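Notes for the one structure printed next.
The values are calculated or read from the model by the stated rules, or taken from the named source; none is laboratory data. Please read these numbers as outputs of a predicted model, since none were measured by experiment. Note: ideal-geometry Cβ built from the backbone for every residue, glycine included; neighbour counts use all protein chains shown.
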Amino acid sequence: MDNIPKINKVSIRPLQIDDYDQLAKSFTRTYTDGSDVFWSHQQIEKLIRIFPEGQVVTVVDNKIVGCALSIIVDYEQVKNDHTYASVTGNETFSTHNPNGNILYGIEVFIHPQYRGLRLARRMYDYRKEICESLNLKAIMFGGRIPNYHKYADKVRPKEYIEKVRKKEIFDPVLTFQLSNDFHVRKVMTNYLPNDEESKHFACLLQWDNIYYQPPTQDFIQPKTSIRVGLVQWQMRSYKSVDDMFEQIEFFVDAVSDYQSDFVLFPEYFNAPLMAKFNHLGESQAIRELAKYTDEIRQRFISLAISYNINIITGSMPYMRGNNLYNVGFLCRRDGTYDTYEKIHVTPDEIKSWGLSGGKTVKTFDTDCAKIGILICYDVEYPELPRLMADHGMQVLFVPFLTDTQNGYSRVRICAQARAIENECYVVIAGSVGNLPRVHNMDIQYAQSGVFSPCDFAFPTDGKCAEATPNTEMILVSDVNLTLLSELHTYGSVRNLKDRRNDLYDLRLKK
């Protein structure tokens with residue numbers, strides 16, 4: 001104890017990226033597959049971005065002497081055997097799930113000069129407070145047993161754990177965790193392949209939040225704000241579906257890194273695959289393209305689950321019987337999906353491709369908002385969004401494809417009108433660039449954006465966010481659903497409430 005520095009003040013605070021240099025100089029990793037180099041700047045920056053409240057440091061007299069890092073995962077993912085690599089997504093933290101129910105500890109450091117002062121306990125207490133405040137089921141992690149190598153030739157891991165529990169054996173990690181109200185759920189093998197001290201074993205440790213309230217069907221607290229991501233898609237040549245999905249997954253990954261709830265792709269984003277059918281007539285070429293649609297849908301469903309994001313797939317051709325339709329899919333992050341259809345097809349779609357119009361108009365329930373989806377030309381018909389608004393639509397998504405600025409202006413101006421008329425947000429995403437080797441898809445023009453009603457709580461011009469025109473990019477924007485509810489009752493004008501239903505009405509024929 002004589003070597004412990006004098007301490008005047010101890011505090012716990014969130015980790016900041018400016019702390020990185022001090023951390024990298026003072027600490028080496030404990031949970032690692034071989035490297036004792038500190039976490040990279042990029043890794044720490046991502047942890048702070050995706051889950052800032054889960055990263056914390058202990059500060060003694062303005063010096064960082066401890067750090068704890070964590071993510072949120074789902075219980076089903078970690079209740080059984082797993083590895084450190086799998087639970088951290090090979091240390092990319094792609095496994096972080098804001099809607100999960102387990103706070104998973106991935107690292108704890110205490111500077112050697114400050115051990116023995118129960119500073120680590122403060123960080124664990126902080127984790128417990130976070131677990132309770134976020135209504136998470138438990139704290140879990142794989143705990144090393146670094147003294148096991150001294151007893152491995154005498155006792156099995158189960159016996160070793162029991163002896164540590166009875167205080168017959170001291171283990172610097174397990175003894176601390178047991179005294180901190182954690183219990184051993186099971187013994188895992190190969191959790192850290194290079195952990196020779198633990199002989200490749202680890203304890204799955206768990207602290208249960210006694211205040212946890214499981215979500216029920218009776219009441220689920222709705223989100224008041226959601227985050228939408230748009231992909232302004234660059235048309236380029238692709239040799240295969242695999243090549244195209246390499247680009248798609250890049251965008252899904254990028255948008256999900258910002259914890260977006262939705263990502264929207266444009267209409268006919270898969271048109272480049274028609275290049276190999278250019279020797280056929282236009283109507284036959286697009287029917288060949290339609291043969292990819294089932295595979296594309298399944299790949300999007302997998303991405304929605306993997307990246308924990310609701311994907312609106314833009315649109316693509318689809319054969320139903322002998323008829324060709326323009327359809328898209330809402331791929332939810334829980335693995336379910338719904339189909340939406342283009343109701344009004346343009347004269348060119350009929351002339352060049354023989355496209356048929358769909359017949360289904362509906363809204364969709366998601367885990368964070370009730371939404372509507374209209375494909376391009378459909379947003380120019382005010383009846384469709386009004387029907388959706390009557391069923392509680394909060395956000396309208398519009399994937400589009402326009403070749404000229406005047407065509408784009410029709411979509412954009414109508415989208416802004418729909419936001420005002422229906423007191424909702426409207427999100428539009430289109431394609432840019434050109435496809436010289438695909439008939440009837442030569443050029444594209446787009447400026448994607450997020451639009452709102454025009455009232456005091458919203459942007460004065462109704463523009464929440466806009467992309468750079470004719471440039472491939474993503475656009476991420478937050479939309480506040482509470483403001484819509486307030487607008488319905490307290491708005492300067494109330495387009496929904498003030499309709500003269502005594503004079504006119506609107507209904508679907510079937």
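ASP461 meets the conditions (1) over 29 Å from SER256 (Cα atoms); (2) outside any helix (DSSP H, G or I); (3) among the acidic types (Asp, Glu) in every case but one. The failed one is (1).
Residues that are touching a Ser or Thr at 6+ places or on another chain (Cβ under 9 Å) and more than 20 Å from VAL263 (Cα to Cα) within segment 359-386 comprise THR360, TYR377, listed in sequence order.
Scanning segment 468-505 for residues being free of Cβ contacts under 8 Å to residues at least 40 places away in the same chain, outside any loop (DSSP other than H, G, I, E, B) and not small (Gly, Ala, Ser) gives a total of 4. Counting residues in segment 202-220 that are buried (at least 23 other Cβ atoms within 10 Å of the Cβ) and in a strand (DSSP E or B) gives one or more.
Filtered by the rule that a residue be closer than 14 Å to GLU197 by Cβ and either of a type in the set (A, V, I, L, M) or not assigned by TED's automatic domain parsing to the domain that holds HIS82 (or both), segment 141-168 gives ILE145, ALA152. Taking first residues from segment 278-291 that are more than 16 Å from ASN322 (Cα to Cα) and partners that are loosely packed, with under 14 Cβ neighbours inside 10 Å, the Cβ contacts under 7 Å between residues at least 6 apart in sequence or on separate chains come to ASN278/ARG437.
Checking each residue in segment 426-445 for being more than 16 Å from GLU380 (Cα to Cα) and either without any contact (Cβ under 8 Å) to a residue 40 or more places away in the chain or under 29 Å from the mean Cα position of the chain (by Cα) (or both) picks out SER431, VAL432, GLY433, PRO436, ASP442, GLN444, TYR445.
For VAL87, indicate whether it is closer than 21 Å to ASN190 by Cα, of a type in the set (A, V, I, L, M, F, W, C) and modelled with pLDDT of 90 or more. Answer is yes for this residue.
When segment 131-181 is filtered for residues that are touching a residue at least 60 places away in the same chain (Cβ under 8 Å), surrounded by 18 or more Cβ atoms within 10 Å (Cβ to Cβ) and either in a helix (DSSP H, G or I) or among the charged types (D, E, K, R) (or both), the ones remaining, listed by number, are CYS131, LYS137, ARG144.
Restricting segment 389-409 to residues that are in contact (Cβ under 8 Å) with a residue 12 or more places away in the chain and in a helix (DSSP H, G or I), the residue that is farthest from THR363 (Cα to Cα) is GLN405. Filtered by the rule that a residue be crowded, with 23+ Cβ neighbours inside 10 Å and under 14 Å from ARG418 (Cα atoms), segment 441-465 gives GLY449, VAL450, PHE451, SER452, PRO453.
Across segment 245-281, the number of residues qualifying as out of contact with any strand residue (DSSP E or B) (no Cβ under 8 Å at 6 or more places or on another chain) and either over 17 Å from ASN434 (Cβ atoms) or assigned to a strand (DSSP E or B) (or both) comes to 12.
For residues that are closer than 17 Å to PRO399 by Cβ and either within 23 Å of the chain's Cα centre (by Cα) or not hydroxyl-bearing (Ser, Thr, Tyr) (or both), tally how many sit in segment 300-329.
Within segment 300-329, residues that are closer than 17 Å to PRO399 by Cβ and either within 23 Å of the chain's Cα centre (by Cα) or not hydroxyl-bearing (Ser, Thr, Tyr) (or both) number 16.
So that you can scan it fast, the table gives a plain yes or no per residue for (1) in the same structural domain as GLN247 (by TED's automatic domain parsing); (2) within 28 Å of ILE50 (Cβ to Cβ); (3) at pLDDT 95 or above; (4) not β-branched (Val, Ile, Thr):
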site	(1), (2), (3), (4)
ASN278	yes, no, no, yes
ILE305	yes, yes, no, no
GLY314	yes, yes, yes, yes
SER352	yes, no, no, yes
SER356	yes, no, yes, yes
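Looking only at segment 410-425, filter to residues that are part of a helix (DSSP H, G or I) and in contact (Cβ under 8 Å) with a residue 40 or more places away in the chain; which one of those is farthest from the chain's Cα centre (by Cα)?
Of segment 410-425, the ones part of a helix (DSSP H, G or I) are 410-422.
Now narrow it down to the ones that are in contact (Cβ under 8 Å) with a residue 40 or more places away in the chain: 416, 419-422.
Numbers: GLN416: 26, ALA419: 25, ILE420: 28, GLU421: 30, ASN422: 27 Å.
Looking at residues that are part of a helix (DSSP H, G or I) and in contact (Cβ under 8 Å) with a residue 40 or more places away in the chain, I get GLU421.
Assessment of segment 363-381 against the conditions (out of contact with any Asp or Glu (no Cβ under 8 Å at 6 or more places or on another chain), free of Cβ contacts under 8 Å to residues at least 40 places away in the same chain, buried (at least 17 other Cβ atoms within 10 Å of the Cβ) and among the hydrophobic types (A, V, I, L, M, F, W, C)) yields at least one matching residue.
Every condition in (1) at pLDDT below 90; (2) of a type in the set (Gly, Ala, Ser); (3) surrounded by fewer than 16 Cβ atoms within 10 Å (Cβ to Cβ) is met by GLY66 except one, and the failing one is (3).
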